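The values are calculated or read from the model by the stated rules, or taken from the named source; none is laboratory data. Only a predicted model underlies this, so the values are computations on that prediction, with no experimental measurement involved. No Cβ is skipped: glycine too gets one built from the backbone with ideal geometry, and neighbour counts run over all protein chains shown.
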Amino acid sequence: MSEVELSNIDYKVTEAESCLHVKNRKLLELWLAHRDEDGTASREKLSPALLLPLLGGISVTEPVDDGKDFRFRLVGARNEERLGIKATGRLMSDCYGPRMASELITLHNRVLDARKPAVLRGRFVGIGIEHALFEALFLPVRSAAGDLQVLAGMYDMSEN
């Protein structure tokens, strides 16, 4: 996809109180089991082996410029394929339309500041998959160096 097309990716979402997708429920369960007193879980404890059944839908982002943007450190292959973009290594503001990027940056900062999960459900708009309902779970985690990051799971509800 070209950068012009990338800027057309948008969404219609609502915030939810709990996870409905079985993989997000499993991700939340693992995070809760490994959560420390500070409200985060260490990514070392949430190892790839532990997360193996969930990996295609997982992403990890880290704040850039004191949270003015976020960089995708990792985006699961299934989600990159679904969205039609290679997001790993890129800034959120480079991957999505301005409104969507701004709202997601705000949400990521809220998750890190509050040290509490957030759940969104909705549809992507502008990339030909408007028919698919997705659920995304956002969790505060720490890298091996102690830096705050957001671990997210995003899955198509029809694959529940």
State which residue pairs qualify: first residue over 18 Å from Glu135 (Cα atoms) and inside segment 76-93, second residue β-branched (Val, Ile, Thr) and loosely packed, with under 14 Cβ neighbours inside 10 Å in any location, beta carbons under 7 Å apart, and separation of 6 or more residues or different chains. none
Yes/no for Val22 being touching a residue at least 12 places away in the same chain (Cβ under 8 Å), touching a Leu at 6+ places or on another chain (Cβ under 9 Å), surrounded by fewer than 18 Cβ atoms within 10 Å (Cβ to Cβ) and of a type in the set (A, V, I, L, M): no
Residue by residue through segment 136-157, note down the ones that are more than 23 Å from Glu44 (Cβ to Cβ) and either under 8 Å from the mean Cα position of the chain (by Cα) or buried (at least 23 other Cβ atoms within 10 Å of the Cβ) (or both). Ala136, Tyr155
Report the residue count in segment 115-160 for those that are modelled with pLDDT of 95 or more, of a type in the set (D, E, K, R) and within 16 Å of Leu28 (Cβ to Cβ). 2
Among the residues in segment 64-73, are any of a type in the set (A, V, I, L, M) and within 18 Å of Pro140 (Cβ to Cβ)? yes
The one condition in (1) at pLDDT 95 or above; (2) loosely packed, with under 13 Cβ neighbours inside 10 Å that Leu30 fails to fulfil: (2)
